[in-house]
């Protein structure tokens with residue numbers, strides 16, 4: 001048996017989102033919407049009257065004609081703690097996921113720790129609570145306890161692997177603060193539903209109270225989508241950020 005020493009772990013407070021592939025534009029919405037009344041249209045035809053196109057997209061959003069917003073695709077590569085992915089998997093309609101597997105590869109020792117701007121203290125009862133700033137002492141104890149816990153967990157993981165235990169069994173000792181990665185593919189309609197629930201925004205008609213870490217992922221996805229489909233994005237915000 002090979003001795004296992006203290007692991008060299010990394011801790012990070014951010015998440016990362018990369019748009020790796022897309023076929024998504026406002027024209028996709030217009031094609032889908034106008035085929036019901038005009039039949040097939042060319043791209044030149046769609047671009048003849050930009051204001052009319054903008055108005056149509058806003059009408060579809062306002063009156064919740066949702067299917068034209070499904071004829072597009074975006075694939076993101078997301079790196080975040082496992083507990084974020086557990087919340088992500090609640091979004092099933094219009095989403096496809098493939099996550100890295102702890103059955104087939106040794107998992108890297110990268111773990112989550114809240115950043116200095118992460119509110120730590122919950123006040124109030126369930127369903128009616130707020131988060132407030134933590135003290136410097138609370139931030140320090142969180143970082144210290146998480147570091148100790150992660151060190152112990154990853155040491156145990158390496159010990160099991162060194163004993164020849166299968167990866168799929170050894171991973172049982174690892175916490176949900178471990179970073180994982182996945183490809184997540186969606187369309188604009190499913191992304192809007194995700195953003196309506198997983199981000200807070202001043203223009204939102206329906207309030208949402210997401211966990212900050214999944215909101216960080218949502219904000220990065222939103223920024224990429226806004227560049228791809230600016231008219232659709234503007235209509236989403238103008239109509240209260242409610243998915244059609």
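The values are calculated or read from the model by the stated rules, or taken from the named source; none is laboratory data. Owing to the predicted nature of the structure, the values given are computational and were not obtained by experimental measurement. Counting neighbours? That spans all protein chains shown, and the Cβs are built from the backbone with ideal geometry, glycine included.
Descriptive notes on the structure:
- For residue 65, the criteria (1) part of a helix (DSSP H, G or I); (2) modelled with pLDDT of 90 or more; (3) touching a helix residue (DSSP H, G or I) at 6+ places or on another chain (Cβ under 8 Å); (4) more than 20 Å from residue 223 (Cβ to Cβ) hold in every case but one, which is (1).
- If the condition is being out of contact with any helix residue (DSSP H, G or I) (no Cβ under 6 Å at 6 or more places or on another chain), in contact (Cβ under 8 Å) with a residue 12 or more places away in the chain and farther than 23 Å from residue 109 by Cα, then segment 192-214 contributes 193, 194, 196, 197, 200, 201, 204, 205, 206, 211.
- Residue under evaluation residue 217, criteria (1) crowded, with 21+ Cβ neighbours inside 10 Å; (2) at pLDDT below 95, criterion not met: (2)
- Residue count, segment 96-121 (criterion: within 22 Å of residue 148 (Cα to Cα) and in contact with a strand residue (DSSP E or B) (Cβ under 6 Å, 6 or more places away or on another chain)): 6
- Within the option set 160, 195, 174, 178, being more than 14 Å from the chain's Cα centre (by Cα) and within 27 Å of residue 224 (Cα to Cα) holds for one residue only, 178.
- Listed by first and then second residue, the pairs with beta-carbon distance under 6 Å, at least 6 apart or on different chains, first residue in segment 154-165 and closer than 22 Å to residue 177 by Cβ, second part of a helix (DSSP H, G or I) and modelled with pLDDT of 95 or more, are 156/173; 157/170; 157/173; 160/170; 161/170.
- Among the residues of segment 198-211, those identified as surrounded by 11 or more Cβ atoms within 10 Å (Cβ to Cβ) and more than 18 Å from residue 224 (Cα to Cα) are 204, 208, 209, 210, 211.
- Listing of strands (runs of 3 or more DSSP E) fully contained in segment 108-190 that carry 3 or more residues being surrounded by 13 or more Cβ atoms within 10 Å (Cβ to Cβ) and at negative phi: 110-112, 179-186
- Residue 30 at pLDDT 95 or above and in a helix (DSSP H, G or I): no
- Residue match in segment 75-87 (condition: in a loop (DSSP other than H, G, I, E, B) and either surrounded by 12 or more Cβ atoms within 10 Å (Cβ to Cβ) or in contact with a strand residue (DSSP E or B) (Cβ under 8 Å, 6 or more places away or on another chain) (or both)): no
- Segment 90-107: number of residues that are closer than 18 Å to residue 167 by Cβ, in contact (Cβ under 8 Å) with a residue 24 or more places away in the chain and part of a loop (DSSP other than H, G, I, E, B): 7
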